[in-house]
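The values are calculated or read from the model by the stated rules, or taken from the named source; none is laboratory data. Values in this document were obtained by computation on a predicted structure and should not be read as measured data. FYI the Cβ positions are ideal-geometry reconstructions off the backbone, even for glycines, and counts take in every protein chain you see. For the accessible areas, the whole protein counts, side chains as well, though only heavy atoms, and no ligand, DNA or RNA atoms are used. Shrake-Rupley method; radii C 1.70, N 1.55, O 1.52, S 1.80 Å.
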Amino acid sequence: MKKFTSVDDIQDLDELISLATSIKAAPFADSEKGKNKTLGLLFFNPSLRTRLSTQKAALNLGMNAIVMNLNTEGWSLEFEDGAVMDGSSAEHVKEAAQVVSQYCDIIAIRSFPTLTDKEKDEEEYVINAFLKYANVPVISLEGSTEHPLQAVADALTVQEYKTIARPKVVLTWAPHPKALPHAVPNSFVKVMKKADVDFVITHPEGYNLNPEFTKGVTITHNQDEAFANADFIYAKNWSSYDDYGQILSKDPSWTVTPEKMTLTNNAKFMHCLPVRRNMIVSDAVLDSDASIVIPQANNRTYAAQAILTKILENEK
Ligand code: CP
């Protein structure tokens with residue numbers, strides 16, 4: 001693997017999940033693989049899980065991990081080629097990416113969308129600029145349109161908790177007070193399309209995801225219908241894609257409650273976290289045995305470790 005910025009970079013999902021599973025069983029088995037290698041984690045946005053689990057994954061492989069919060073600690077970067085830099089940006093990504101490439105063997109980047117400029121967001125201009133100018137492999141820690149490391153952890157979690165060969169997995173929109181990106185649901189859709197599951201998306205009218213991602217997936221605006229016989233409920237909020245970045249609904253009837261969960265086949269409840277309690281999901285569900293959000297978050301380490309392993313092996 002030369003880079004990991006999209007679920008599309010996964011050539012064989014079963015093989016990757018199998019690798020993550022074996023890493024989970026023996027996390028320190030390859031503790032020399034990353035010796036004298038450095039992972040640089042650059043954050044333009046906040047994080048708890050992605051930051052710590054990716055650092056932990058690097059440490060398990062014997063790598064050094066260095067972290068920088070670029071938005072608060074770094075020079076403001078310019079991304080436009082040919083720009084006359086007479087504004088607030090002090091450094092062009094062209095130099096920054098090449099400089100960081102001298103310090104790090106792999107660069108990982110988190111950069112959220114603007115949610116105001118759809119075209120710019122869909123260009124993935126931050127991650128693509130690093131792909132263009134860095135001299136080392138680049139990993140997405142969540143970009144404007146995808147969160148592929150989360151998707152690998154999600155697929156691993158479904159694999160671990162499924163009780164039938166081909167489970168029904170439902171991605172449901174749920175209400176949230178703020179406008180949220182599409183990256184998590186987009187990558188979850190992509191990875192579930194690669195998995196052997198009966199996959200359904202449910203959301204209110206006006207909340208279509210980018211049809212390029214959802215093409216071929218069953219979509220319903222009836223959440224109860226979607227929940228029927230589901231084995232996994234994956235809740236997530238996202239803002240409108242068509243009315244880009246807008247909040248069209250905070251309808252509490254879409255909150256995942258125990259009553260909704262009774263419609264399912266004793267489904268497991270998943271969410272990428274952080275989660276707004278009693279907005280996305282009620283306390284009674286999140287605190288129940290049905291919730292697997294904590295082991296799901298634990299799988300972020302093994303997902304990241306599997307990706308780092310594949311990139312380190314490619315470098316040899
Ligand atoms: N799920 C996830 O990416 O969590 P963080 O934003 O805390 O990294």
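This table checks each residue for (1) among the small types (Gly, Ala, Ser); (2) away from the ligand (no atom under 16 Å from the Cβ); (3) in contact (Cβ under 8 Å) with a residue 24 or more places away in the chain.
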{"residue": "Pro258", "(1), (2), (3)": "no, yes, yes"}
{"residue": "Lys268", "(1), (2), (3)": "no, yes, yes"}
{"residue": "Pro274", "(1), (2), (3)": "no, no, yes"}
{"residue": "Asn278", "(1), (2), (3)": "no, yes, no"}
{"residue": "Asp287", "(1), (2), (3)": "no, yes, no"}
{"residue": "Ile292", "(1), (2), (3)": "no, no, yes"}
{"residue": "Pro295", "(1), (2), (3)": "no, no, yes"}
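Note on the range 75-112: among residues that are of a type in the set (Ser, Thr, Tyr) and not in a loop (DSSP other than H, G, I, E, B), the one that is surrounded by the most Cβ atoms within 10 Å (Cβ to Cβ) is Ser101.
Looking only at residues of the range 297-309 that are β-branched (Val, Ile, Thr) and within 15 Å of the ligand (Cβ to nearest atom), we find that the one that is surrounded by the most Cβ atoms within 10 Å (Cβ to Cβ) is Ile307. Can you tell me which residues in the range 1-56 are crowded, with 17+ Cβ neighbours inside 10 Å, small (Gly, Ala, Ser) and touching a helix residue (DSSP H, G or I) at 6+ places or on another chain (Cβ under 8 Å)? Within the range 1-56, Ser6, Ala20, Gly34, Gly40, Ser53 qualify. Considering the conditions (1) over 30 Å from Glu212 (Cβ atoms); (2) at pLDDT 95 or above, Arg51 is excluded by exactly one of them, (1).
Looking across the range 77-126, the residues that are more than 16 Å from the ligand (Cβ to nearest atom) and touching a Pro at 6+ places or on another chain (Cβ under 7 Å) come down to Ile106, Asp121. Hey, could you check the range 145-188 for residues that are aromatic (Phe, Trp, Tyr) and under 17 Å from the mean Cα position of the chain (by Cα) and say which is nearest to Ala25 (Cα to Cα)? Selected residue: Phe188.
Scanning the range 56-74 turns up no residue that is part of a loop (DSSP other than H, G, I, E, B), within 16 Å of the ligand (Cβ to nearest atom) and under 30 Å from Ile23 (Cβ atoms). Among the residues making up the range 30-46, those that are in contact (Cβ under 8 Å) with a residue 24 or more places away in the chain and within 14 Å of the ligand (Cβ to nearest atom) are Leu41, Leu42, Phe43, Phe44, Asn45. A single member of Ala284, Ala267 is in contact with a Pro (Cβ under 7 Å, 6 or more places away or on another chain) and over 24 Å from Ala179 (Cβ atoms), and it is Ala284. From the residues in the range 169-188 that are away from the ligand (no atom under 16 Å from the Cβ) and in a strand (DSSP E or B), which one is nearest to Asp14 (Cα to Cα)? This residue is Val169. In the range 135-142, the count of residues that are within 24 Å of the chain's Cα centre (by Cα), among the hydrophobic types (A, V, I, L, M, F, W, C) and over 27 Å from Ala195 (Cβ atoms) is one or more. Which of the residues that make up the range 139-168 are surrounded by 24 or more Cβ atoms within 10 Å (Cβ to Cβ), at negative phi and outside any helix (DSSP H, G or I)? Ile139, Ser140, Leu141, Gly143, Ser144, Glu146, His147 - these are the residues of the range 139-168 that are surrounded by 24 or more Cβ atoms within 10 Å (Cβ to Cβ), at negative phi and outside any helix (DSSP H, G or I). Selection over the range 127-138 of residues that are assigned to a helix (DSSP H, G or I) and more than 16 Å from the ligand (Cβ to nearest atom) gives a count of 6. So for the range 117-133 (the condition being over 22 Å from Ala20 (Cβ atoms), of a type in the set (A, V, I, L, M) and open to solvent by 30 Å² or more (accessible area, probe 1.4 Å)), does at least one residue qualify? Yes, the range 117-133 contains at least one residue that is over 22 Å from Ala20 (Cβ atoms), of a type in the set (A, V, I, L, M) and open to solvent by 30 Å² or more (accessible area, probe 1.4 Å).
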